[in-house]
Amino acid sequence: MPSRRISYNRRLFFSRDLSWLDFNRRVLDEAAFERNPLLERLKFIAITSGNLDEFFMVRVAELNRLAHSGNEADPSGLRPSEQLVQIREKVKRLTRMQGQILDDLLAQLAEKGFMIAHIEELSREERTLSKGIFRNRILPVLTPMAVDAAHPFPLLNSGAIEIALWFEPEKGKSCRAFVEVPELLPRFINIASPVPGGKKFILLEELILDNLETLFPGGRILEKFPFRITRDMDLDFDDFDSVNLIQSIGDRLRERRQRDAIRLETPSGISGKLFKWLKKSLRIEDEFCYKDRTMLHCRQLFDLISQITASSLLEKEWTPAAPAELAGFPTVFDAIKAKEEIFLAFPFQSFSPIVRLLEEAADDPDVLAIKQTLYRVSGNSPVVKALQHAAENGKQVTVVLELKARFDEYNNITWARKLDRSGAHVVYGIAGLKVHSKMLMIVRREGERLNRYIHLGTGNYNDKTALQYTDCGILSCDPTLCGDVANLFNVLTGISTPGIPLALTSAAPFNLRTKFEALVKKEIEHVNSGRPGRIIAKMNSLSDEKMIRLLHLAADAGVEIDLIVRGICCYRPLPEQENIRIYSIVDRFLEHSRIYYFGNGGDGEYYLSSADWMTRNLDHRVELLFPVQSEKTKDHLRKLLEFQLDDSYKRRKLTSSGVYIHSKDSDPEKRSQYRSWCYFRELARQELLGSESLLKRNPPKSDQQVTP
Amino acid sequence: MDILIRRKGVRSVPKKALSACAVVDIGSHAVRMDIGTVSASGKLTVLESLSRPLAIGYDVFRHGSISSAALEKLVHTLKLYREKLREYDISRPRMVATSALREAFNQELASDRLKNEVDLDLEILESTQEITIVYLALREELERSGLLNDLHAIIPVLGAGSLFVVYVQNGEMRFCEELPLGSMRIYDTFGRAQLPPESLLSTLKSANIPQRLKECGLSESSTDRPKLILLGVSARNMAGALTHDAPPGENRIVKLDNRKLRQLLDKLLGGSAYTLSNTLDITPADRADLELGSHVVDYFLRKFNCSETLVSGITTRSALMADSFRREQKLRHDPFTADLISLCRTIGRKYGCDANHAQSVALMADKIYRKLKNNFTFPPRSELLLAAAGFLHDIGRFVDVRRHNRHSAYLISNMQLPGLTLAEREIVALAARYHRKSPPRESHPEYMLLPAETKVAVLKLAAILRVADALDSGHDGKFSHAKITREGDTLFFLAENDGNVEGERFSLENKGELFTQVFGLKLKVE
């Protein structure tokens, strides 16, 4: 029975977008964390900045729209207009803090011989050198855009640094103009080496500002400053015609360049006439203007980091281990057939088995068909190459490509066309639904039998992000699981309609929500019947209202719950709910795997999924939840969860006030990502040595022992 | 080994697995395709199940033909399926149409377009073929589960177009009838007439099934209460709802708790089909099935006080796949023989036939056939046709002893007889027609309109049946264990016991002429 307090929304929920900002704050905390190497800390600044850009492009834009159309409160009771006010406050605090940390980091970096100098700090020789660089390398690619009676206000690119200036020619009327700082050029220009092995950089926009007279000769520049706008970049694909999806997306992307500006960033202290004119021209209100003390576009710090060759300032590389279960088998097919289920955890383990599997399939004369979902693929993706190769070899290759993966649309269109040309059957999923499930299936004739091999995972088939995101999945040849995947592919390719029952898996938007609800309710029933109830759920975000209400019921009923939620968490743990603990881990790898464990009265069930507990995942996307069947895989997952729940180094706990707090007894030995990497490395080592496996020597703890 | 002992299909070659096969089922509200494999032991594994909604049934049940729009969609769907088949390297799937297209007057057009545009051959299943295929698959499954021996069960099979009712006693089919009470047909008809689904009950009542099953041996007072075995999507969904699991798959039989089933039915009949269907995440078409299915199940549970309820996961497609597997095995004897004989016996009893005589004739006909089959060509499945004709040749006596052969032919032509196609049933009817009196003449249109090869088939079977009937003209089974030998152009029948066989000799002289004409063999009784 729902308890009475359930109706008090504010007590049960945090606002989704404020929670997201808290997540970004946790990322920034990593930049402030002194035990992190210097360049790693700088990376976290860049990530925070990039995250914030996307937040404005998507969420603030959406809230702004909602504020002007209904302004209905979210489950936490906050109206969009109220959220926008709080967001502004939080963002200001965040950027202020970011500036302070960055200053500190840059000072430390200067001590190491890597400094960013202002133009006026350059020596005469350096200044001369900089002018030469400007003339030879920068000037040719600059395009000044004047605004006057003959030239309307230009289309300014979202995210790019622009320079605004007010120019008074010797003759004629003064005019305003813009110069875009080209993103193709390095943002940080190495101008000198102050110490052996060190580097001195200047910012590209400063160099352009210093040489504006070259662009506008014979006059006077009255005002000038750099700025950056962020536009509403959220695309609504719901009304797209699926037949012409690729064309529609192309059109909509072009249209996106013209969308409203949602943020204007300038350096602090800018307030003159030129600024007012700019604000007016962009039709942007004061509350969307941010004047930062720090440099603009901190995401480009990645460019700086790539130019600093000092491995001592970076964390040691954690080389992905070769999956132990594949060792000794000539092909991945052989390994899957022998082991039935093989667990892969990236980036602790290598992504190469996926690529190998595809490459083997492409050349294997017995392989008849390959099907795969692709959401975000890397540039020059080996996955796509293998699929192309397979198609060219006459395999039936079907790729369900999600064109609508946000900010990857252009990239995906390019791949779609390439795959299509190679003879693959490229399908763009179901109209109105993003295909977010991660599935790969290969049909292979083996003698008289037709066998199928699958990989199901929590992350994208992207070899680059597989080195940065923690994801996991299984390789399997279980016929029932394969049957489910085949049926789901048929729905995605439009060859069959939903309604064919799935035996082991659950899929959104069909039955995933009911499955999750049933699993939680079952734990409540166990508790009500006197048995222990247990839930451990690891996901990226938790924001679905119904799931949160259900979790409150489960917590009230006495189910022991551990939630490991990296990002948004709208569940507000109540002070009296001592049996629910909510953690967030932010570390060098982006926590991305979705692992769900349900105690099931002692017979624990593990599931992996592409879905978070967000409404969009449960209702508006194609997602997959699949059970883990092999005891060995369950052991691996148990270990991973155990490491995370035991992490006192990078784990923060969410309190009922919404604050995330670090563990008091921070212990680097308990850093979960490092322990996970060691665990898989040790497994690989044991396999190489041919001795007994680690698991055999150290039998995993029982389900109940997982509880910290 | 006579036909009464050869109850199951005997293989002439070792079993061979079907590595990949596909079955396309063009039904009343969807076009479905299963791709699967069948192991050497007959275990079916469905690799993929596809379904695309296409309400051909609405066109056909209302207007009698498939509309142009539906036909276009059908062609489009099958083109997609054709592509799918390439993934499994399957070039010739088995494509069948059931109740909807079966009743469409323009079915030939559909068949032709599919042949030309998709290069697929369409097999339009007759209702008796459909139920036979489903029943055989179920029987195999029951056998594998150890449930077939002495099985006593009522099996309602609810489809979109029809409701089949099958009654099995001692493991053999005793009754099978198709009622035009499929869920789509009922919804459409009742919907247009603005009748509630409960009106189904009056239609079901009018079929008078309890009385007819009584005639087939179902005893009301018996302690051996029949089991209720349910097939069809509604039954599978009920099983899913009761077991909180996915509906049973093709190789599974699930036992339901009758008490829980009763509670579920009460809920469904109380109008919660819609709510339940949301929980089960099923399509609107399946919801209609579920609603009507609950009425049907409720009716049978109440009416026959069934001891237990089983749900089989067999679908038309999985049954067809099993059928394709049987075809591949080149069975020496038809696996439906035992059930057909059982049905024919029940029908004979219903019409007051001399059961011993019918059996003697059927056995003798079988013996003669086996003696001749290596030297003469016979139509396919002659063994089965002769058995049916042997057991049913005298049922016309129920109408009138005079000209009873004509009455037998009429009754056979117009009864539902699973295991035989319409054409085969016609051969059986005409064989019975010519088991006595005049052989075929020019003045017999039902014979004259047959294709040439069918005429020959009728003549061969009728000739054998006449001889078999003549040899038991005294209805005393004198030749039940007779030996048949052939010397030159003469066939000798040697009665086991020394007795007076004059009557039979006389009868044979009268009725054997057709045999001599057809096979060129003289007949002698010793």
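The values are calculated or read from the model by the stated rules, or taken from the named source; none is laboratory data. These numbers were taken from a predicted model, which means no experiment stands behind them. Here the Cβ positions follow ideal geometry from the backbone for every residue, glycine too, while neighbour counts run over all protein chains shown. Side chains are part of the model used for accessible areas, which takes the heavy atoms of the whole protein and leaves out ligands, DNA and RNA. Shrake-Rupley method; radii C 1.70, N 1.55, O 1.52, S 1.80 Å.
Which residues make up the longest stretch of chain B that has no trypsin sites (Lys or Arg not before Pro) in a DSSP loop with at most 11 other Cβ atoms within 10 Å?
Here the longest run is B:1-329.
Take the Cα coordinates of the range A:301-349, assign each an equal point scatterer, and use the Debye formula without solvent to give log10 I(q)/I(0) at q = 0.23, 0.29 Å⁻¹.
-0.85, -1.10
Under a Cβ-only charge scheme (Lys and Arg +1, Asp and Glu -1), can you give me the dipole magnitude of the protein assembly as shown about the Cα centre, in debye to the nearest 20?
Dipole magnitude for the protein assembly as shown comes out near 380 debye.
In terms of the ratio Rg/(2.2 N^0.38 Å) built on C-alpha atoms, what value belongs to the range A:411-513?
Rounded to two decimals, the normalised Rg is 1.16.
Which whole-angstrom value gives the distance between the alpha carbon centres of the range A:145-204 and the range A:334-362?
Here the two parts' Cα centres lie 49 Å apart.
Between B:L109 and B:R252, 0.36 nm times their residue separation minus their Cα-Cα distance comes to what?
In short, 47.7 nm is gained.
Treat each spin label as a single point 7 Å out from the Cα along the C-beta direction, and report the A:E317 to B:Y299 distance in nm.
A separation of 7.5 nm, rounded to one decimal place.
Separation between the B:E215 and A:K546 pseudo-spin-labels, each 7 Å from Cα along Cα→Cβ, expressed in nm?
According to this spin-label approximation, the distance is 5.3 nm.
State, as an integer percentage, the relative contact order of chain A based on alpha-carbon contacts under 8 Å between residues 6 or more apart.
12 percent.
Give the residue from B:F105, B:L204, B:L181 lying farthest towards the positive end of the charge dipole for the range B:94-210; charges sit on Cβ (+1 for Lys and Arg, -1 for Asp and Glu) and the dipole is referred to the Cα centre.
Farthest towards the positive pole: B:L204.
By the scheme Lys and Arg +1, Asp and Glu -1, what is the net charge of all other residues having a beta-carbon under 14 Å from that of A:G70?
Summing Lys/Arg as +1 and Asp/Glu as -1 gives -2.
Return the equivalent ellipsoid semi-axes of the range A:188-229 as a descending list in whole Å, where each equals the square root of 5 times an eigenvalue of the C-alpha gyration tensor.
With the √(5λ) rule applied to the range A:188-229, the semi-axes are 28, 13, 7 Å.
When the Karplus curve 6.51 cos²θ - 1.76 cosθ + 1.60 is applied with θ = phi - 60°, which whole-Hz ³J(HN,Hα) does each residue of the range A:565-578 get, with x for Gly and Pro?
After applying 6.51 cos²θ - 1.76 cosθ + 1.60, I find 10, 5, x, 4, 9, 8, 6, 9, x, 7, x, 7, 8, 6 Hz.
Would you mind pulling out the separation of the Cα centroids of the range B:292-316 and the range B:363-442, in Å?
35 Å
Seen from all sides and averaged, what is the projected area of the convex hull of the Cα atoms in chain A, in nm²?
Hull-based average projected area comes out at 34.0 nm².
Efficiency by 1/(1 + (r/R0)^6): what FRET value for A:M145 and A:E34, r their Cβ-Cβ distance, R0 = 45 Å, to the nearest 0.05?
Efficiency, from the Cβ-Cβ distance: 0.50.
Can you pull out the trypsin sites (Lys or Arg not before Pro) in the range A:420-466 whose DSSP state is coil and whose Cβ has at most 16 other Cβ atoms within 10 Å?
Filter output for the range A:420-466: A:K464.
For the range A:486-519 and the range B:89-121, compute the distance between their C-alpha centroids and round to whole Å.
Result: 29 Å between the Cα centres.
Could you provide, to the nearest whole Å², the per residue accessible area of the protein assembly as shown with probe 1.4 Å?
Normalised by residue count, the accessible surface of the protein assembly as shown is 41 Å².
Determine the residues within the range B:41-74 where the difference in accessible area between the chain on its own and the full set of protein chains amounts to at least 10 Å²; count protein heavy atoms only and use a 1.4 Å probe.
B:T45, B:L47, B:E48, B:S49, B:L50, B:S51, B:R52, B:P53
Which value, in square angstrom to the nearest 100, describes the accessible area buried between chains A and B on both sides, using a 1.4 angstrom probe?
2100 Å²
For the range A:452-499, what is the relative contact order in percent, using Cα pairs closer than 8 Å and at least 6 residues apart in sequence?
It comes to 36 percent, rounded to a whole number.
Which GluC sites (Glu not before Pro) in the range A:1-107 sit in a loop by DSSP (not H, G, I, E or B) and have at most 11 other Cβ atoms within 10 Å of their own Cβ?
Here the sparse-neighbourhood loop sites are A:E34, A:E72.
Over all alpha-carbon pairs in the protein assembly as shown, figure out the percentage whose distance exceeds 51 Å.
The calculated P(r) of the protein assembly as shown puts 42 percent of pairs beyond 51 Å.
Cα atoms only: what Rg and Dmax, in Å, come out for chain B?
Expressed in Å, the Cα Rg and Dmax of chain B come to 24.5, 76.
Quick one: compute the contact order of the range B:273-430, relative version, from alpha carbon pairs under 8 angstrom and 6+ residues apart, as a percent.
Here the relative contact order equals 18 percent.
Compute the longest continuous run of chain B that contains no exposed chymotrypsin sites (Phe, Trp or Tyr not before Pro); treat a site as exposed when its DSSP state is not H, G, I, E or B and it has at most 14 other Cβ atoms within 10 Å.
My reading of the result: B:106-375 is the longest stretch.
Under 5 Å between amide H atoms, partner at least 5 residues away or on a different chain: which partners does A:E591 have, H built in plane at 1.01 Å?
For A:E591, the qualifying residues are A:T470.
Which ³J(HN,Hα) values in Hz, rounded to whole numbers, follow from the phi angles of the range B:78-91 under the Karplus curve 6.51 cos²θ - 1.76 cosθ + 1.60, where θ = phi - 60° and Gly and Pro get x?
Calculated HN-Hα couplings, in order: 6, 5, 4, 5, 4, 4, 4, 5, 4, 4, 10, 6, 9, 9 Hz.
Enumerate the calculated ³J(HN,Hα) couplings along the range B:164-179 in order (Karplus 6.51 cos²θ - 1.76 cosθ + 1.60, θ = phi - 60°), each rounded to whole Hz, writing x wherever the residue is Gly or Pro.
Working through the residues one at a time gives 9, 10, 10, 10, 10, 10, 6, x, 10, 5, 10, 8, 8, 8, 9, 10 Hz.
So for the protein assembly as shown: antiparallel DSSP bridges make up what percent, rounded to the nearest 5?
70 percent
Can you give me the distance in nm between label points at B:D266 and A:R124, each placed 7 Å from the Cα along the Cα-to-Cβ direction?
It is 10.3 nm.
What is the sum of charges around A:T143, taking Lys and Arg as +1, Asp and Glu as -1, for the other residues whose C-beta is under 12 Å from the C-beta of A:T143?
Around A:T143, the surrounding residues sum to -2.
Relative to the longest principal axis of chain B, what angle (0 to 90°, nearest 10) does the C-alpha long axis of helix B:422-433 take?
For helix B:422-433, the angle is close to 30 degrees.
Estimate the FRET efficiency between B:L201 and B:K330 by the formula 1/(1 + (r/R0)^6), using the beta-carbon distance for r and 35 Å for R0, to the nearest 0.05.
It comes to 0.15.
List the residues of the range A:497-545 for which accessible area in the full set of protein chains is at least 40 Å² lower than for the chain on its own; 1.4 Å probe, protein heavy atoms only.
Listed by number, the residues meeting the 40 Å² cut-off are A:T497, A:I500.
Express in nm, to one decimal, how much length is gained between B:N356 and B:E496 on full extension, taking 0.36 nm for each residue of separation and deducting their alpha carbon distance.
Additional length available on full extension: 48.7 nm.
Amide H neighbours of A:M439 under 5 Å, at least 5 residues apart or on other chains, H built in the peptide plane: list them.
A:T373
At a Förster distance of 45 Å, what's the computed FRET efficiency of A:E89 paired with A:E392, Cβ-Cβ distance as r, to 0.05?
0.20
For chain A, give me the percentage of DSSP beta bridges that are antiparallel, rounded to the nearest 5 percent.
Expressed as a percentage, antiparallel bridges in chain A total about 65.
Under the rule of at least 5 residues apart or a separate chain, name every residue whose amide H is placed under 5 Å from the amide H of B:H333.
Result for B:H333 returns B:V10.
Given the range A:532-657, what percent of its DSSP beta bridges are antiparallel, to the nearest 5?
Roughly 55 percent of the beta bridges in the range A:532-657 run antiparallel, per DSSP.
If you roll a 1.4 angstrom probe over the protein chains with everything in place, what fraction of the accessible area of the range A:316-449 belongs to carbon and sulfur, to the nearest %?
Carbon-and-sulfur percentage of accessible area, whole number: 48.
Along the charge dipole of chain B, pointing to its positive end and built from +1/-1 on Cβ of Lys, Arg, Asp and Glu, which listed residue (B:I253, B:L163, B:A288) has its Cα farthest out?
B:I253
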